[in-house]
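Bear in mind that the values in this text are calculations on the coordinates, not laboratory data. None of these values were measured; they are calculated from a predicted model. Note: ideal-geometry Cβ built from the backbone for every residue, glycine included; neighbour counts use all protein chains shown.
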Amino acid sequence: MVRLLGVILPDNARIVYALTLLYGVGWTNAKAILKQAGVEDKTRVNKVTEEQFKKITAIIDKGYTVEGDLREEVSGNVKRLKEIGSYRGTRHLRGLPAKGQRTKSNARTKKGKRKTVGALKKEAWAKLEQTKTQTAVTAATAAKS
């Protein structure tokens, strides 16, 4: 098991894939880093030498913002948008998509699980009431004990 910048890389994975596990390094950046370090894309992580890892780490430290620093920078940018009260900032505050995506039929990743609002069918309403009474009864018996 190899640690690179605080991330554990899987031994049997190709090095180009393993570098994409770092926050802020995608496929294009991973290939560019490996080219600068002189390591083949197809090499497995367990076949990469210690010297090559040192080269890769030096290249990433010198030319790329990754992991904690990048996360800090992104959260700072979002915080700034919220403080100045921009449209994108208010979208972040409300937990809605910030870059113009539609919200009528999609955006479930941002909005979360659906919550039913409005009319329920008779059977669904009865079932809901039944579960409420059951939970109340179990809570009352637990309180008495």
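Projected onto planes of every orientation and averaged, the convex hull of the alpha-carbon atoms in region 2-64 covers 3.5 nm². Seen against the Cα atoms of the chain and their longest principal axis, helix 27-37 is set at about 20 degrees.
Count Lys and Arg as plus one, Asp and Glu as minus one, and take only other residues whose Cβ is under 12 Å from that of VAL66; the net charge is then -3.
Figure the gain on full extension for ALA124 and ALA143 (residue separation times 0.36 nm, minus the Cα-Cα span) and round it to one decimal in nm. Write out the running numbers ahead of the final one.
Working: separation 19, 0.36 × 19 = 6.84 nm, distance 2.88 nm.
Length difference between fully extended and current span is 4.0 nm.
I'd like the orientation of helix 67-84 relative to the chain: the angle between its Cα long axis and the longest Cα principal axis, in ° from 0 to 90, rounded to 10. Helix 67-84 sits at roughly 50 degrees to that axis.
Would you kindly state how much longer the chain becomes between VAL117 and SER105 on full extension, computed as 0.36 nm times their sequence separation minus their alpha carbon distance, in nm to one decimal?
2.8 nm
For THR49 and THR28, the FRET efficiency from 1/(1 + (r/R0)^6), where r spans their Cβ atoms and R0 equals 25 Å, is about 0.55.
Helix-only mean residue ellipticity at 222 nm, the chain, DSSP H runs n ≥ 4 weighted -39,500 (n - 2.57), per residue, nearest 500. What is it? List each step's numbers first, then the result.
Details: 7 runs with 83 residues, N = 145.
Rounded to the nearest 500, the figure is -17500 deg cm²/dmol.
Spin-label model, THR65 to VAL78: label points 7 Å out along the Cα-to-beta-carbon direction sit 1.5 nm apart. Among all the lysines, which ones have a C-alpha under 29 Å from LYS35's C-alpha, if same-chain residues fewer than 8 places away are not counted? In chain and number order, the partners are LYS47, LYS54, LYS55, LYS62.
Positive contributions from Lys and Arg (+1) and negative ones from Asp and Glu (-1), summed over other residues with Cβ under 15 Å from the Cβ of GLY6, come out at -2.
So if the hydrodynamic radius of the chain is defined as the Kirkwood radius over C-alpha pairs, what does Stokes-Einstein give as its diffusion coefficient at 25 °C and 0.890 mPa s, in µm² per second? Estimated via Stokes-Einstein, D reaches 121 µm²/s.
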